[in-house]
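**Q** Okay, here's the structure, questions in a sec.
Bear in mind these aren't lab numbers, they're just calculated from the coordinates by the rules spelled out. Computed from a predicted model, the values in this text were never measured in an experiment. Quick reminder, even Gly has a Cβ in these numbers, built from the backbone with ideal geometry, and neighbours come from all protein chains shown.
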Amino acid sequence: MKSNQELQTDVQNAIKWEPLLSAAEIGVTAQDGVVSLDGVVDSYAKKMEAENAAKKVIGVKAIVEKIEVKFPSSWTKSNEEIAKEVLAALKSNWSVPKDLVTVKVEDGWVTLEGELPWNYQKEAAKSAVNYLTGVKGVMNNIKIKSDTHDEIEKEDVEEAIGRSWSVDDSDINVSVSGTTVTLSGTVDSWYQKEEAGRIAWKTPGIWSVKNELAVDYEYAFS
């Protein structure tokens with residue numbers, strides 16, 4: 001088990017290793033596997049990169065993210081300008097079905113809404129916005145409404161997760177209720193938790209995934 005100091009140092013080094021974050025001022029504290037990130041960055045992309053880098057560090061069980069996005073005055077854009085750029089970015093992304101996502105911008109914060117048939121399309125919509133100048137944050141409120149009416153089979157989800165070399169499925173429990181898949185149990189890294197959820201989201205007919213997997217680094221050595 002890592003000490004708080006060791007985990008703090010590992011997260012700091014992981015963040016520094018990201019080229020996009022080389023000049024970013026991000027503070028890190030760690031307490032019993034809970035990592036807090038704070039500081040000020042000049043783009044939403046950097047905020048996301050810092051969070052993603054921390055998630056991949058072994059020993060991180062949870063993240064408290066308090067990073068603030070502040071732009072130089074020359075980068076400031078009106079909500080109307082941001083909205084136009086968001087719509088153009090969504091239109092140019094082949095993974096996002098046209099005219100199914102609505103956009104709201106308020107004080108630099110972008111809210112995405114609508115219904116899409118697949119979760120990868122929802123994630124693609126958010127990714128298209130992450131790197132736009134002037135965006136302070138993204139609320140992805142898009143709902144998944146599958147146009148496939150296949151009945152979800154618990155065994156199919158279990159087998160799909162089991163095929164992944166990067167996920168130890170020995171203590172992952174899958175349950176199915178209608179169009180919702182719930183994952184419970186324990187994995188030894190945040191990466192495995194997110195990867196299991198990503199795989200579950202590929203299930204035909206799925207509308208929702210409840211990822212209740214607990215992250216316990218010590219579990220890997222028990």
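**Q** Tell me, what are the semi-axes, in whole angstrom and largest first, of the equivalent ellipsoid of the range 74-144 as set by the roots of 5 times the Cα gyration tensor eigenvalues? Write out the running numbers ahead of the final one.
**A** Numbers: eigenvalues 82, 26, 19 Å².
Each semi-axis is √(5λ); the values are 20, 11, 10 Å.
**Q** For a quick protection proxy, order the peptides 4-14, 75-85 by their average other-Cβ count within 10 Å, most packed first.
**A** Numbers: 4-14: 17.2, 75-85: 14.5.
Top of the packing list down: 4-14, 75-85.
**Q** Compute, for the chain, the length of the dipole vector about the Cα centre, with Cβ point charges of +1 (Lys, Arg) and -1 (Asp, Glu) only. Units Debye, rounded to 20.
**A** Working: 25 positive and 37 negative charges, 160 e Å.
I would put it at about 780 debye.
**Q** Below 8 Å, C-alpha to C-alpha, sequence gap of six or more: please give me the relative contact order for the range 53-164 in percent.
**A** 23
**Q** Please report the Cα spread of the range 4-70 along all three principal axes, rounded to whole Å, starting with the longest.
**A** For the range 4-70, the Cα spread along each principal axis is 30, 20, 15 Å.
**Q** Report, ordered by chain and residue number, the aspartates and glutamates lying within cross-link reach of Lys2, taken as a straight Cα distance under 20 Å and ignoring same-chain residues fewer than 8 apart.
**A** In chain and number order, the partners are Asp10, Asp32, Glu51, Asp188, Asp216, Glu218.
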